[in-house]
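Structure, as structure tokens:
What follows draws every value from the coordinates through simple rules; no lab data is involved. In this text, all values refer to a predicted model and were calculated from it rather than measured experimentally. Note: ideal-geometry Cβ built from the backbone for every residue, glycine included; neighbour counts use all protein chains shown.
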Amino acid sequence: EIIAISPEMDSEATSLEVTFPKGAVDAILEETKASVSIQSDLGRVLLSRDVLTSISKTTEGGAVTVTVAAGKAENAGGLLKGQKDVTEEALKDCSVVTIRSGKEKVTAFGGKSITLYLPVENKAFEVGKSYVVYQISDDGSVEQLVGKCVKTGGKRFLEVTTTHLS
């Protein structure tokens, strides 16, 4: 049901990049019924078949790259000034997820949702509870999403779904 890509990484790594060569997404869709999960301690990106189909249509068979990286708190802090519930402690847990086809960003998935698992180290995040997740666009606009704290592989993540990446 799921093709899991889970590379071994150095504990000091701050980003993970997975590239599907030209036509690989089409081959997954044609030869399997699976979704794709890219997972590491930096986060997890779950791409359903519907999302893969949308990416395939928008990328015209080009190479697709998914990047999961630890964000920089100072970048998020500047963009989130004025948000009353954002504390300095909360900004330690920042993640950046991008999907590209060649050099072009893929930001929409035909109205379908992707699921992101964003790592949180802070013990203030209680498993089963919901938390605000800020999605920051390239233009600096901020959208509030809701993520639920889950524990997998001994680590805590905020599970959040979105129909677009910013």
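Computed from the C-alpha gyration tensor, the three semi-axes of the ellipsoid equivalent to the range 1-63 are 23, 13, 9 Å, from longest to shortest.
By average Cβ neighbour count within 10 Å, what is the ranking of 42-52, 145-155, 21-31 from highest down?
Result, highest mean Cβ count within 10 Å first: 42-52, 21-31, 145-155.
When you filter the GluC sites (Glu not before Pro) in the range 104-157 for DSSP loop state and at most 16 other Cβ atoms inside 10 Å of their Cβ, you are left with 121, 126.
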